[in-house]
Amino acid sequence: MSSSDSDSDTSMKEAQDKGFVSALDLPDVPSQKLPPHLELRKTRVLCNADAPVNTDTIQYSGAYASMGVDNSLRLDHFSNNFRVEVTRLTEEEMEFDMVGINPAIANAFRRILLAELPTMAIEKVLIANNTSVIRDEILAHRLGLIPIKADPRLFDYLSENDKPSEKNTIVFKLHVACERRGPRIAVKSDELKWLPNGSELHKASEGSNPNAKVETYTSFTRSQDSLPEFSSNPVTVYPDIIVSKLGPGQEIELEAHAVKGVGKTHAKWSPVATSWYRMLPEVVLNEEIKGKKAEILKQKCPVGVFDIEDLADGTKRAKVARPRACTLCRECVRDGEEWEKRISLRRVKDHFIFTIESTGALPPEVLFTEAVKILEDKCERVISDLS
Amino acid sequence: MEHTSFGDQRNATFSLTEEDHTLANALRFTLNQDPRVMFCGYSIPHPSEARVNIRVQTTGDPAREVLKDACQDLMQMCQHVRSTFDNAVADFKKGSSRE
Ligand code: SF4
């Protein structure tokens, strides 16, 4: 601000020397920048000791029209400023920074990840025998929640009138028995064995026609493992989940049919364990904190946001070393008003630290791109409805 | 799906089925960022019915066109997000395989 002021001052002087003043050179004519206090309100949440303030985002395009500042969306502006930086990426989890986007859109991505991205999950369980202590319906529910490692994009939805086929159903079988004189055993999820040829249980037929072909509960026209997508990587489930425990003489025999679905129908279809974001914390020291106080400040923070630096003259001064680690516990601003004045805790409104924990069906980075695609599809649907 | 008062194209309520806050809130944002929009907001009439009503009032253009443009903007933003994200992931993978 000050530099542009002095610029206009000099140009005004020149103009006055020439004998006229352009209206645009007057110091109170709006520039394209917001005054600092409004810029702060627009871009930061202030986390005061009692409550956070300025939590809303200013969306209306004409919000600053009286100051000559345009708040409307310019796509080129968005494209130039939007940034993504991956900080952690494994097969199951990723964390990345998304900068320069409105929470309305970041939240849409999060909501889609949780509730609208399809996966495969066990929906139907045919129980042939269950003498364990766990009841059929509880057992079926537990099976439903086991993550299945199969790419849902290779399958269709099974609608009401469809027959279960190799295109929309994955069949597993589970048959475990505990010996009469043996020790008790735990049935783990890896006992679920994939049946690429579909169901093996026969449907009870009414007429006893011995020549009729026996019908099973699925009608596969070909084996799933003959498909190129599955021949090299067979369908498995997340191993090491205890399904049930069996005492001596107990037995479970069942068949489980997995179909495609989305998380808003039932959480078992959610592709993420969870997905969340937080805004980037910003810790600002409003004054120099030196000596004893610096030590106290460093002690106060449980996650070690502050460090102490030694100045040339031998005194110690606190500095903010790891603001990203701040959990906003507000411990540092608690002991009286003077601490509140010394430290400002803020959050950057358009900087999101986004975390995705996949359940295993798809890697997290694929989940995110799929989520963005779903939002695009939604827009496309509205556009076509309107035209 | 669209309800306009007779002869007035500027103000309309759009009723989208099978949608919720996910799309409506994102659209409200892009609509609000459009200088032609005087007012916009959305509501979900009943929580167990999958439907949102989006209200758009403009300064003169037909509300339907403005909503269409808002969708278009959102879609372009999504495309940009996707390509930026893919690049960032590729960069990260390249960086970590070198180590
Ligand atoms: S709010 Fe808590 S975590 Fe953040 S700097 Fe203060 S004491 Fe540390």
Pick out the one residue from A:Thr274, A:Thr315 that is free of Cβ contacts under 8 Å to residues at least 60 places away in the same chain, of a type outside the set (A, V, I, L, M, F, W, C), away from the ligand (no atom under 12 Å from the Cβ) and loosely packed, with under 13 Cβ neighbours inside 10 Å.
A:Thr315
When A:Leu114 is evaluated against the numbered criteria (1) in contact with a Lys or Arg (Cβ under 8 Å, 6 or more places away or on another chain); (2) over 20 Å from A:Tyr217 (Cα atoms), which criterion, by number, is the only one it fails?
(1)
Do you know which of the residues in the stretch A:279-302 that are within 13 Å of the ligand (Cβ to nearest atom) and exposed (fewer than 12 other Cβ atoms within 10 Å of the Cβ) is nearest to A:Leu328 (Cα to Cα)?
A:Pro302
If a residue counts only when it is more than 9 Å from chain B (Cβ to nearest Cβ) and more than 26 Å from A:Trp276 (Cα to Cα), which helices (runs of 4 or more DSSP H) contained entirely in the stretch A:70-154 have at least 3 such residues?
A:136-144
Step by step: first the residues of the stretch A:324-342, then only those that are farther than 14 Å from A:Leu297 by Cα and within 9 Å of the ligand (Cβ to nearest atom), then the one that is surrounded by the most Cβ atoms within 10 Å (Cβ to Cβ). Which residue is that?
A:Leu328
Residues of the stretch A:252-271 satisfying the condition of being closer than 30 Å to A:Arg181 by Cα and open to solvent by less than 50 Å² (accessible area, probe 1.4 Å)
A:Ile252, A:Leu254, A:Glu255, A:Ala256
Report every pair of residues separated by at least 6 positions or lying on different chains whose Cβ atoms are under 7 Å apart, first residue within the stretch A:324-346 and within 14 Å of chain B (Cβ to nearest Cβ) and of a type outside the set (Asp, Glu), second assigned to a loop (DSSP other than H, G, I, E, B) and near the ligand (Cβ under 8 Å from one of its atoms).
none
So which residues in the stretch A:139-183 are surrounded by fewer than 16 Cβ atoms within 10 Å (Cβ to Cβ), at pLDDT 95 or above and basic (Lys, Arg), if there are any at all?
none
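The values are calculated or read from the model by the stated rules, or taken from the named source; none is laboratory data. Computed from a prediction, not measured in an experiment: that's the story for all the values here. Neighbour counts run over all protein chains shown; Cβ positions are idealised from the backbone, glycine included. Just so you know, the surface numbers come from the protein's heavy atoms only, side chains and all, with ligands and any DNA or RNA stripped out. Shrake-Rupley method; radii C 1.70, N 1.55, O 1.52, S 1.80 Å.
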